[in-house]
Amino acid sequence: MSYELIIFDIDGTLADRDTNILLPGVSEWFAQKKDNYLIALATNQGGVGLRWWMVKDGFGDPDAYPDEDDALEHILAVVNQLRLEPLRRADLDSRTYICYAYQSKKSGKWSPTPEGREDRYQWMPDYRKPAPGMLLKAMQDANISTLETLMVGDGEEDEQAALAAGCDFQKANDFFNRKE
């Protein structure tokens with residue numbers, strides 16, 4: 001299959017979540033092949049939503065979770081290592097799709113959205129993988145069909161999002177020829 005657009009998950013697919021260090025095979029692939037495709041990144045950053053929920057409702061340890069600035073700095077660190085333009089945080093929206101919404105595994109409830117951000121897709125539950133929102137927006141922004149799109153990820157939510165969006169999926173370890 002010939003793809004025009006490849007959408008990559010970030011954490012666990014391209015880089016280690018805690019250290020921002022690129023995982024095996026990533027640097028090599030991007031150095032050799034990134035110019036052959038349109039590249040987009042789609043990442044759940046639910047810790048931001050959980051932090052906001054903790055602050056708003058006064059529970060837990062919100063300082064243990066990132067805020068929006070922390071999440072953006074993490075993503076920027078990965079993008080810069082991949083040598084993808086743009087190199088400035090203000091320009092990340094042009095190829096990076098982020099969801100901050102958090103859903104409690106225990107209650108099924110979604111984190112509240114900060115006031116004034118209700119219309120921002122980054123805070124909408126249907127944007128968070130396994131929902132297809134980020135992938136559909138990336139394809140729409142790139143004007144690329146589902147048949148020309150590949151999603152690469154490490155998690156079940158990545159595969160489910162690809163299925164829901166109607167595009168192909170490949171596991172990160174297979175894509176980058178990593179041993180599991």
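Every number in this text was worked out from the coordinates using simple rules, so none of it is lab data. Bear in mind the structure is a predicted one, so any value in this text is a computation, not a measurement. Cβ: placed from backbone, ideal geometry, glycine included. Neighbour counts: every protein chain shown.
Regarding the chain, what whole-number volume in Å³ per residue does the convex hull of its Cα atoms give?
121
Return the distance in nm (one decimal) between the two label points of a simple spin-label model at E118 and A77, each offset 7 Å from Cα along Cα→Cβ.
Roughly 3.5 nm, to one decimal.
Springs between alpha-carbon pairs under 10 angstrom, Gaussian network model over the chain: which of M151, M54, M139 fluctuates most?
Checking each option, the largest mean-square fluctuation is seen for M54.
Taking N as the number of residues in region 1-83, what is its Cα Rg relative to 2.2 N^0.38 Å?
Ratio of Rg to 2.2 N^0.38 Å for region 1-83: 1.31.
Considering the chain as a Gaussian network with a 10 Å cut-off on Cα pairs, which listed residue, Q81, Q160, Q140, attains the greatest mean-square fluctuation?
Judging by the Gaussian network model, the answer is Q140.
Residues of region 32-59 with backbone nitrogen within less than 18 Å of a virtual label 7 Å along the Cα-to-Cβ line of K109, please, listed as ranges.
47-59
Lysine pairs in region 5-175 with Cα distance under 30 Å, only those 8 or more apart or on different chains: how many are there?
Number of lysine pairs found: 23.
If I take every Cα pair under 8 Å that is 6 or more residues apart in region 32-169, average their sequence separation and divide by the length, what percent do I get for the relative contact order?
In percent, rounded to a whole number, it is 22.
Which of the helices in the chain meet the span-like rule: DSSP H, Cα axial reach of 27 Å or more, Kyte-Doolittle mean at least -0.5?
Both cut-offs are met by no helix.
Calculate the dipole size of the chain relative to its Cα centre from +1 charges on Lys and Arg beta carbons and -1 charges on Asp and Glu beta carbons; express the result in debye to the nearest 20.
120
Using r as the Cβ-Cβ distance of E4 and K171, and R0 as 22 Å, what FRET efficiency do you calculate, to the nearest 0.05?
0.60
How would you rank 165-177, 124-136, highest first, on the average number of other Cβ atoms within 10 Å across their residues?
Per-residue mean Cβ counts within 10 Å order the peptides as 124-136, 165-177.
Rounded to the nearest 0.05, what FRET efficiency do R178 and D35 have when you use their Cβ-Cβ distance and R0 = 22 Å?
0.50
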